[in-house]
Amino acid sequence: MKCEAQRLVWSPPSAIVSGKPFRRSFGVLLPFRFFWMACPLALWLGLTLAVQQATAQAPQKQAGMAYQVWAFDGSSYRQVFAPEQTPELYLLIEHPVALSAHRTLLYYWPLTDRYMADWSGLNQALSGTLELLQSDHLVKTVEPTSVSLVQSGTGTSTPVVSLVTGAEAGRQYAAYRAALDAYARQMTEYDQAREVYEEQMAEAMKRVGSGERDVPIPSPPVEPPPPNLYATRPISAFVFTPEEGYYTLQLRDPSGQVVTGSSRSVVAFGPQRRGLSYTVIPEKKWTQPEQSLIPDETLYLAEGSVLYLQPRVAQEYNEAYYRRLKDPQDTQGREDRSVWVPQELVSDGVVEVVSADRTIRSITEQPYLVRQTGGTALGYTITEYHSDQTPEEQPTFRAYRLELDVRSGRWTLRMRDGAGQVVAGSERAVRLLNNKRRSWLYLPALVPAIMALVLHIWRRGRQG
């Protein structure tokens, strides 16, 4: 590159190698003074555009009305956000629903295609009376009450979540706090007993190392179990149990005026069909269970495979309704399709394996314990749980163990309830696959090679 006094002259590499500067009319010619003035100007323009772009990405918020809904989704309660931009609420029948009304800052977030709330900016709880109308006729009024979600059986495979209202909500929350405080005290005592045990164990090992015999071994302390109850802090909400149909919901303030933005159309729906689903836990992949939801499905099992089955009540819902139940802003569901939803576990019954209308095996539910393999190798073992053998442990899961030690066949899986009746929708076709290799299956692939070899030998014979 050759620099003159007032110009920056661009020269291609070929000209530089040859030692001859190359000038073209379309070369880059910049005065030195203009170059040093242009750099700060370009930097300033870039920063200005970046700031303007960042400012444009900030969402525009406006005050509006929104409901926080605690709705039952078929298996548990979930919290649903319903801003005033979504005019419809979808609710399951036969289960109580809790709504709390709020005035907050609403904004649209394009990354999720959802309206969001800035609760930290504004969160004003609205009071009044909730009204349910049908065909413009008032059918029900609801006054606010204290509400708490209570989960019993925490830490087990079958926790139960219920919506508790009124004074009972306060009592359940107080019981939960008392159980939590008691557990904290028990854990403190356990930690202290554990330190004493470790000191006694170290002393016993020291005595054994010195050659002393008949040294008593201290017993370790038993860790206290955590509380099997959980309760949320009670809040004020409107609680009602919807009946199937279409309603209009609105909030009327203490002065008798309908709160702006509180009107919603309510679609209360129920299941289309009921059946039984199975959670299928393979013995070799117990951390990756699979679901058999549809009664017409077929289970394909490899020879010698062991499965653990967990039957669950299942109900079929309209896909669009169910998706909007979980998210009122969802637009992906279709009304001409359905979805099966597994619900609570079924433990009172017997799982049968049937072949040609003959029951060849009956299986009862048993508790099982999963233990990690010792050492550095990865793996685990699943054994039947016995409380008298391991009182300090709890079963990992409960299931029906299915093992078909036959080579092939066609079978049917079904369940009978405690009364001995076959549960509707519990039938599943079972096909056992023979996974042994058959060497003769590869013989047809050798036919072209054999024919080519014979033809090659025949041609060489004619040429010779």
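Table for the structure above
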read-out: Cβ-based exposure ranking for 139, 222, 339, in which fewest neighbours within 10 Å come first; value: 222, 139, 339
read-out: Formal net charge of residues neighbouring residue 265 (Cβ-Cβ distance under 14 Å; K, R +1; D, E -1); value: -2
read-out: Karplus 3J(HN,Hα) series, Hz, for region 412-420 with 6.51 cos²θ - 1.76 cosθ + 1.60 (x for Gly, Pro); value: 10, 10, 8, 10, 10, 7, x, 8, x
read-out: Region 88-97 - phi-based ³J(HN,Hα) in whole Hz, Karplus 6.51/-1.76/1.60, Gly and Pro as x; value: 10, 10, 10, 9, 7, 7, 6, 9, x, 10
read-out: Trypsin sites (Lys or Arg not before Pro) within region 327-367: DSSP coil, no more than 15 neighbouring Cβ in 10 Å; value: 334, 337
read-out: Karplus-derived HN-Hα couplings along region 176-188 (A = 6.51, B = -1.76, C = 1.60, θ = phi - 60°), whole Hz, x at Gly and Pro; value: 5, 5, 5, 5, 5, 5, 5, 5, 5, 5, 5, 5, 5
read-out: Cα-based Kirkwood hydrodynamic radius, region 273-438, one decimal, Å; value: 17.9
read-out: Label point distance in nm, residue 433-residue 241, each placed 7 Å from Cα along Cα→Cβ; value: 4.7
read-out: Region 87-144: GluC sites (Glu not before Pro) falling in loop per DSSP and having at most 15 other Cβ within 10 Å; value: 94
read-out: At most 12 other Cβ within 10 Å, DSSP loop - trypsin sites (Lys or Arg not before Pro), region 198-271; value: 213
read-out: Separation in nanometres of the label points that stand 7 Å from Cα toward Cβ, at residue 390 and residue 457; value: 6.4
read-out: Exposure proxy ranking, count of Cβ atoms within 10 Å, fewest first, for 283, 392, 344; value: 392, 344, 283
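Taken together, the values in this text are just the output of simple stated rules run on the coordinates, not laboratory data. Treat the numbers as computed from the prediction; the structure is a model and nothing was measured. Cβ atoms come from the backbone with ideal geometry, glycine included; neighbour counts cover every protein chain shown.
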